[in-house]
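Please read the structure below before turning to the comments.
The values are calculated or read from the model by the stated rules, or taken from the named source; none is laboratory data. Here the structure is a predicted model, which is why all the values come from computation and not from measurement. Counting neighbours? That spans all protein chains shown, and the Cβs are built from the backbone with ideal geometry, glycine included.
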Amino acid sequence: MSVNRKPIATGSDWNFSVLERFDEELARLADEYRLDTYPNQIEVITTEQMMDAYASVGMPVGYHHWSFGKQFLSVEQAYKRGQMGLAYELVINSNPCIAYLMEENTLMMQVLVIAHACYGHNSFFKGNYLFRTWTDAESIVDYLVFARKYIAQCEERHGVHAVEQLLDACHALQNYGVDRYKRPSPISAEEEAKRQDEREAYLQTQVNMLWRTIPEPPAGVAPLPGSLHSDDDPLGLHTGGRYPSEPQENLLYFIEKNAPLLAPWQREIVRIVRKLAQYFYPQRQTQVMNEGWACFWHYTLMNRLYDEGKVDEGLMLEFLQSHAAVINQPGFDSPYYSGLNPYALGFAIFMDIKRICDAPTAEDREWFPDIAGSPWRETLEFAMRNFKDESFIQQFLSPKVIRDLKLFLIVDDDQVEMLEVAAIHDDRGYKRIREALSSQYALSVREPNIQVVEAAIRGDRSLTLHHIQDSRRPLGRSVYPVIRHLQQLWGFPVHLVSMEDGKVTRRYHWPVEEESKGAG
Amino acid sequence: MTYFIDRRPNAKHKSAVNRQRFLERYRKHIKRSVEEAVNRRSITDMERGEKISIPTKDISEPVFQHGPGGARNIVAPGNKEFLEGDKIRRPSGQGGGGGAEEGGASNQGEGNDEFAFTLSREEFLEFVFDGLELPHLQRKPLKSLEEIKMVRAGLARDGVPSRISITRSMREAYARRIAMRAPIKRALKEAQEALAAEERKDPVLRNPARVVELKAEIERLEKRIDAIPFIDTYDLRYHQLAAQPQPSSQAVMFCVMDVSGSMTQNHKDIAKRFFLLLYLFLEKHYEKVELVFVRHHTAAREVNEEEFFYSRETGGTIVSSALNLVNKIIEKRYPAGQWNLYVAQASDGDNWDDDSNICRDLLVKQLMPQLQYYAYVEITPHDHQSLWHEYETVAAQFPERFAMRQIVDAGDIYPVFRELFKRRMSQER
């Protein structure tokens, strides 16, 4: 096949008009593949601006906090010493979808990044169910602006130190700011700002209501429960003897609504951290899928550009080298090994789904009767839209990918002297490996399961949490600093109980009590 | 739809506030590192940042995590020889059970125990002089020793040939030529026109005498034009030189320190900051600053910086020995007419009683007249001894140029120089 090669540009230098022409081509191809994307906003930035963007976890606007400064310093240090290259790209789940390109990138890199971020990630943000459920691309930037302004105001009114301490405490709990099984109401920045004053007042009455029994119910007010209207008790938490009546996994929400001593502005800040945690919640659960999807599309789109003669051989070779580096997966015994590479795993699975659709083997027909031989584009879209890492791997990790990556399963039990190889890439092992890898990406396995079980509203106001322990895996040492933060927010003693199979394995208290000193 | 935006011209340092917050929060840690750096570095080597390490455990942002222990399943890539059921020895080293995220994956060279970053030069100096209210060192010109420098100052009509300004002379000549030729040229033109008119006339009517006359006139005028000199002596211009007083660009700073047994390392560390501050100040004002270290107990010796701060001696104290040595060094190497002389002395106040008035005389009669500034610090929480009292009389005689102060810790250092800075500032206006 001879292609009439008319590259849009050659060499490694780029300018805006060249990028625009490449973008037009990529948009045309993406359209052909029916990739549904938000409009793109591509911003060219310098290295230092990229480090800034890194430091604020990719947020275009962020509130001020020392931890972002720490992040910036460590990125800067690593970059200057050459230990780390900066990511060539950073993309924000917003509408329009903001992607950053670094000015130092070569032409190939810019084109690759546009394909990867502006068409790959972008369509993932728009299509995946977790993002659709948990984030609102329309309003995130507005909300960030609101959050920054609000926190700056609080700093002025209440002092930087007070705000910093509060944020420290909230950050410690930010992974516990989501109700996993409840759908959130979408955040809207405008309303957020409009109703904020109302909410402050309202929240405070809520809390007052809850704590009214302590220490003495005011005259004329009937004691809890029973007197409350259902409007006054939106969570239905006041009924029954114990409060809350059901365990609460959303610690930040519980604090925001119930902590007795927080001032209204403090509740608002808890809310801001919670909302932002919610925004990042899908990203934490779709790393493999998101990167795999983006890699699949940059690979596909770049090859199409080449097939159509829009890029020359030089650029293509540079691309292939770069692509190979991104999806490289060092073995467990390599000095470069640092866990499974989500790019490599995700790319391998998506490529394999396409293969199963286009050219299924007997094995594929047995393992994937539903998708073997089906039109690949629809199948891929379905996989992208309806899964998160955990379920995606469970559903689509094929024996071939397991063989290609030579995955194996090790059981590490501290009661057994040796590690055991429980499964390898053979017929007996595929399912176990798939199962284990899937749960390795499950948030509920990656992070300890901790829930609020009781706030002693009639007693000493202490807060009790349960840690549901699994496979005898205890909490790490960081548990004390975290419950100290929790105690600061709550204002009264905090108890954390580790339980496994209904039995208490360990208790933690803050302020530290005699009992736990003995145990510790 | 795609929009391209060039953000590069946008403000940098978006993280500057966060960076400051971070530095503020870990002030104590950073201060400790900076102090170590100050003690380690040479006085002349303060003009760069410093790498700071803070233990990770002090800086971590805690979240709930799994600790080591229990049973875990791990899926890893790159199996080569393992078969199902194989037992593997637990990798030695950290973690045993392999705590989930704790300990981190730090197999990439750098250990994870330390959080390291670099302070910029400004940040570093700020920490060095934390609490010292460092004045703005720049832009305060010192009234200092003046040396005469010849500078070009305009042009003059006479001078030596080597200073001729060719362009200016040529320009003058050109102007003169134009000016002198103009009337002659006008007359010439008139004569030529008259001649032409005469020649156009009918030969019968032509006046031959007039033609001859006009021709002679034209010839005369042409000769006059030719006679105008291309350059004349009064065209010449010479560059002129003027004597201009110029602040001397070199200074020498004498660091004088008592190293008798009573001076502890802590005393010396405080003294080092004292010397450092003066050095930084001088460095802003002079192109070249030389340092001379003179240490003394009963006898004085000129030493290098290393020895000055870190070697130990014992014995009594005779301050005049150091002042004598300084005086000798000035005579020999730094004539007062060419150098700005500064002396900074640090001691714990001990001196032989008999020696103190010798010191005073030395200062008043020999040193002070030559010096720009003399700063003395007494690092002691105790009462003053004879040396202090003698110095007080010196200070009374040279209130502008002699500063003395008792200091207990590093925070007291800057006020020693306050006089120096203040005076310069008011002079500026």
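Going through the range B:31-64 one residue at a time, which ones are touching a Leu at 6+ places or on another chain (Cβ under 7 Å) and under 28 Å from residue A:475 (Cα atoms)?
B:64
Could you check residue A:470 against (1) among the acidic types (Asp, Glu); (2) within 23 Å of the chain's Cα centre (by Cα); (3) more than 9 Å from every other protein chain (Cβ to nearest Cβ) and say which number it fails?
The single condition residue A:470 does not satisfy is (3).
Which one is farthest from residue A:161 (Cα to Cα) among residues in the range A:13-66 that are facing another protein chain (nearest Cβ under 7 Å) and part of a loop (DSSP other than H, G, I, E, B)? Walk me through it before giving the result.
Initially, the range A:13-66 is screened for residues facing another protein chain (nearest Cβ under 7 Å), giving A:16, A:19-20, A:23, A:27, A:39-46, A:48-49, A:52, A:55, A:64-66.
Imposing the further condition that a residue be part of a loop (DSSP other than H, G, I, E, B) reduces the set to A:39, A:46, A:64-65.
Working: A:39: 40, A:46: 32, A:64: 12, A:65: 10 Å.
That would be A:39.
Could you figure out which of (1) assigned to a helix (DSSP H, G or I); (2) modelled with pLDDT under 90; (3) surrounded by fewer than 17 Cβ atoms within 10 Å (Cβ to Cβ) isn't true of residue A:439?
The failed condition is (2).
Do you know which residues across the range A:78-101 are facing chain B (nearest Cβ under 10 Å) and modelled with pLDDT of 80 or more?
First, the residues of the range A:78-101 that are facing chain B (nearest Cβ under 10 Å): A:78, A:80-81, A:83-84, A:96-101.
Of everything in the range A:78-101, those that are facing chain B (nearest Cβ under 10 Å) and modelled with pLDDT of 80 or more turn out to be A:96, A:97, A:98, A:99, A:100, A:101.
If you check every pair at least six apart or on different chains, which have Cβ atoms under 7 Å apart with a residue in the range B:352-374 that is under 15 Å from residue B:384 (Cβ atoms) first and a residue that is of a type in the set (Val, Ile, Thr) and surrounded by fewer than 18 Cβ atoms within 10 Å (Cβ to Cβ) second?
B:360/B:393
Taking residue A:512 as the residue in question, decide whether it is in contact with a helix residue (DSSP H, G or I) (Cβ under 7 Å, 6 or more places away or on another chain) and of a type in the set (Val, Ile, Thr).
On the way: in contact with a helix residue (DSSP H, G or I) (Cβ under 7 Å, 6 or more places away or on another chain): no; of a type in the set (Val, Ile, Thr): yes.
Spelling it out, it is not the case that residue A:512 is in contact with a helix residue (DSSP H, G or I) (Cβ under 7 Å, 6 or more places away or on another chain) and of a type in the set (Val, Ile, Thr).
Exactly one condition in (1) within 7 Å of chain A (Cβ to nearest Cβ); (2) in a loop (DSSP other than H, G, I, E, B); (3) surrounded by fewer than 19 Cβ atoms within 10 Å (Cβ to Cβ); (4) at pLDDT 50 or above is not met by residue B:105; state its number.
(4)
Going through the range A:4-24 one residue at a time, which ones are crowded, with 19+ Cβ neighbours inside 10 Å and either within 33 Å of the chain's Cα centre (by Cα) or within 14 Å of residue A:120 (Cα to Cα) (or both)?
Hits for the range A:4-24 are A:19, A:22, A:23.
Among the candidates B:377, B:343, B:364, single out the residue that is modelled with pLDDT of 80 or more, in the same structural domain as residue B:291 (by TED's automatic domain parsing), surrounded by fewer than 21 Cβ atoms within 10 Å (Cβ to Cβ) and in contact with a helix residue (DSSP H, G or I) (Cβ under 7 Å, 6 or more places away or on another chain). Give the steps one after another, and end with the answer.
Values: B:377 fails: surrounded by fewer than 21 Cβ atoms within 10 Å (Cβ to Cβ); B:343 fails: surrounded by fewer than 21 Cβ atoms within 10 Å (Cβ to Cβ).
It is B:364.
Would you call residue B:2 over 29 Å from the mean Cα position of the chain (by Cα), within 7 Å of chain A (Cβ to nearest Cβ) and of a type in the set (Ser, Thr, Tyr)?
Working: over 29 Å from the mean Cα position of the chain (by Cα): yes; within 7 Å of chain A (Cβ to nearest Cβ): yes; of a type in the set (Ser, Thr, Tyr): yes.
Yes, satisfied.
Table: residues versus (1) within 17 Å of residue A:25 (Cα to Cα); (2) assigned by TED's automatic domain parsing to the domain that holds residue A:452; (3) at pLDDT 95 or above; (4) not in a loop (DSSP other than H, G, I, E, B).
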position	(1), (2), (3), (4)
A:256	no, no, no, yes
A:262	no, no, no, no
A:267	no, no, no, yes
A:277	no, no, no, yes
A:281	no, no, no, yes
A:301	yes, no, yes, yes
A:310	yes, no, no, no
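Let me confirm something: among A:475, A:419, A:486, A:405, which residue is modelled with pLDDT of 90 or more and more than 7 Å from chain B (Cβ to nearest Cβ)?
Details: A:475 fails: more than 7 Å from chain B (Cβ to nearest Cβ); A:419 fails: more than 7 Å from chain B (Cβ to nearest Cβ); A:405 fails: more than 7 Å from chain B (Cβ to nearest Cβ).
Exactly one of A:475, A:419, A:486, A:405 is modelled with pLDDT of 90 or more and more than 7 Å from chain B (Cβ to nearest Cβ), namely A:486.
Look through A:482, A:452 and report the one residue that is in a strand (DSSP E or B) and buried (at least 22 other Cβ atoms within 10 Å of the Cβ). Walk me through it before giving the result.
Values: A:482 fails: in a strand (DSSP E or B).
Every option except A:452 fails the conditions.
Could you list, in sequence order, all residues of the range B:32-59 that are at the interface with chain A (Cβ under 10 Å from one of its Cβ atoms) and either modelled with pLDDT under 75 or over 39 Å from the mean Cα position of the chain (by Cα) (or both)?
Step one: filter the range B:32-59 for residues at the interface with chain A (Cβ under 10 Å from one of its Cβ atoms), giving B:51-52, B:54, B:57, B:59.
If the condition is that a residue be at the interface with chain A (Cβ under 10 Å from one of its Cβ atoms) and either modelled with pLDDT under 75 or over 39 Å from the mean Cα position of the chain (by Cα) (or both), then B:57 is the only one that fits.
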